[in-house]
Amino acid sequence: MYSMLKKIITEKDIYRQILLLEQLLNHSQLTAKELAKKIKTTERTVFSDLQLIRDYLPEHWELLSDKGGIRLLSQEQSLTNDIWEAFLPHSVSLQLLKQLFFTKELNVPQFLEETGVSYETLKRQRTKINRQLLPFKIKIRLTSTHAYLLGEESAIRIFYHRLLLPFTHNNYFFEDYSIHEEHYLHFLTKKLTDDLYVDTEQIFGICWFFINSIRIKAGCPINDFSFDTNDPLFILYAPLLKDLYKREGVYLQDEEIFFAFFCFIESWNYNNPLGKKVSDVLAKEYPLLLNKVQQTVQEIADELQLPDLSQTSLSTNLLLLVLKYVESPALSEQFQLEYQELLLQRREEYTILTEKSIALFNSLPQFAAIKDTTYFVNLFSLLGQQAIFATQPQTRTVFFVFQSEPAWKIFLQQELADLLGKRVNLVSLEASQLQPERMQTGDLIVSNIPLDVTTIPVNYISTIPTKNELSQLAELTSHSYL
């Protein structure tokens, strides 16, 4: 299940059953003893939970057990999300957050009657939920009569976007509230003409469209942040966004129209094939920003001796990144809360990217109000690494020292090369050709014969490798940007 949703489910029994289901979904068969060990509980509890799970399972799913173990089976075309939807209504904590999404103030006595829980139980659940809401700088205020969310409305919407993004299409949160996904798709495909075209994360944008529409209709307005009504990019898209929300009966004004615009540009992909009018606006209306990012990219290219770096999309990507912060430093700082796990995702070997990102950040007076540069630095680093690897892919050498029938050997070598991917340079050698001067830190030897090598690690495989051996090899040689 999605990590954010699991954090919100505060009931221990439901959380444990979800962990159990995850194990059954990820393994074809497990014994009760194995399940108990994996989710750190007793076999007796596993059997008890399995009985409850049988009662909850949706149509086309079944739980089977025999001497070999326990299996979770589904008919063809059955979706995993159907299982989670069957469990979600049983979580009081999730029901509380769901109802608070649709209203400014929740009637507590009515909620208690609908869910069948006591006020004391609800208070305990509220306390647990608030611990998870703390990073988003919001919390639930609860009295015996009413419940409501405390915090800036923009922060509340950012939290719900992170929570609901995986459920945008299956309508668990939206089945009682008619929001038309086709309106947003019409906006992307029909209103964004060739001149205004941008490539976007569709579900990301649709989810924002849903959330903004629902919260505005619930009487929960965005306010208290400044923005430039004369910003060229905002002027370009504001009329189209107003028309889009008007189709849902929502009339955007003041901060709401800018927030909708900011959500829209947050959905823009990088390495983006931009329409002519968009490209012209970026090139002509933000000369200072463009000059600074181009200068930064050139400095990185010179220091790393990568002249082709300036021919990549890095300058445009960094311009879009910087623009988000310039459009609204306050919102940019809040939007950092949505993907906090990205705060540490950069490789320290590229210290130049950290240095140049901080220098760029500090050179822009618009950023002075932003206290924490970590998120900007990491996004800058991710974009920089992507461009660097596009021009000069890093490869890891794997020496293939294998004794077998020649036809099988060459066939297996090709299969391994395809399995390990383009970042692995698979070099076939004889044992006598293994010379220390050819080996570097990070290299690996794959062999089916005993070798006396201490310089680099040796990973042994069978003459006909097993699935486990191949999986282990793929994991050992994986080389990510992070």
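Quick look at the values:
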| read-out | value |
| --- | --- |
| Residue selected from the stretch 265-284 under the condition among the hydroxyl-bearing types (Ser, Thr, Tyr) and either touching a residue at least 40 places away in the same chain (Cβ under 8 Å) or touching a Pro at 6+ places or on another chain (Cβ under 7 Å) (or both), by the criterion farthest from Leu379 (Cα to Cα) | Ser267 |
| Positions within the stretch 393-404 being surrounded by 13 or more Cβ atoms within 10 Å (Cβ to Cβ) and of a type in the set (S, T, N, Q), in sequence order | Thr395, Thr397, Ser404 |
| All helices (runs of 4 or more DSSP H) inside the stretch 1-63 with 1 or more residues being crowded, with 16+ Cβ neighbours inside 10 Å and among the polar types (S, T, N, Q) | 12-26, 43-56 |
| Given (1) at pLDDT below 90; (2) assigned to a helix (DSSP H, G or I); (3) surrounded by 13 or more Cβ atoms within 10 Å (Cβ to Cβ); (4) not assigned by TED's automatic domain parsing to the domain that holds Ser357, number of the condition Ala407 does not satisfy | (3) |
| The stretch 307-326 residues that are closer than 16 Å to Ala359 by Cα, paired with ones that are among the β-branched types (Val, Ile, Thr) (beta carbon under 6 Å, 6 or more apart) | Ser315/Val293; Ser315/Val297; Leu318/Val293; Leu319/Val293 |
| Helices (runs of 4 or more DSSP H) within the stretch 219-305 that include 3 or more residues surrounded by 19 or more Cβ atoms within 10 Å (Cβ to Cβ) and under 28 Å from the mean Cα position of the chain (by Cα) | 232-246, 254-266, 287-304 |
| The stretch 71-109 - residue that is charged (D, E, K, R) and part of a loop (DSSP other than H, G, I, E, B) and, of those, farthest from Glu11 (Cα to Cα) | Glu76 |
| Total residues in the stretch 410-431, condition outside any helix (DSSP H, G or I) and more than 35 Å from the chain's Cα centre (by Cα) | 4 |
| Residues being touching a Phe, Trp or Tyr at 6+ places or on another chain (Cβ under 8 Å), surrounded by fewer than 20 Cβ atoms within 10 Å (Cβ to Cβ) and not hydrophobic (A, V, I, L, M, F, W, C) - total across the stretch 182-200 | 3 |
| Condition broken by Leu331, with the remaining ones in (1) out of contact with any Leu (no Cβ under 9 Å at 6 or more places or on another chain); (2) surrounded by fewer than 20 Cβ atoms within 10 Å (Cβ to Cβ); (3) of a type outside the set (Val, Ile, Thr) satisfied | (2) |
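The values are calculated or read from the model by the stated rules, or taken from the named source; none is laboratory data. In this text the structure is predicted, and so the values were computed from the model without any measurement. With ideal geometry, Cβ positions are generated from the backbone for all residues, glycine too; neighbour counts draw on all protein chains shown.
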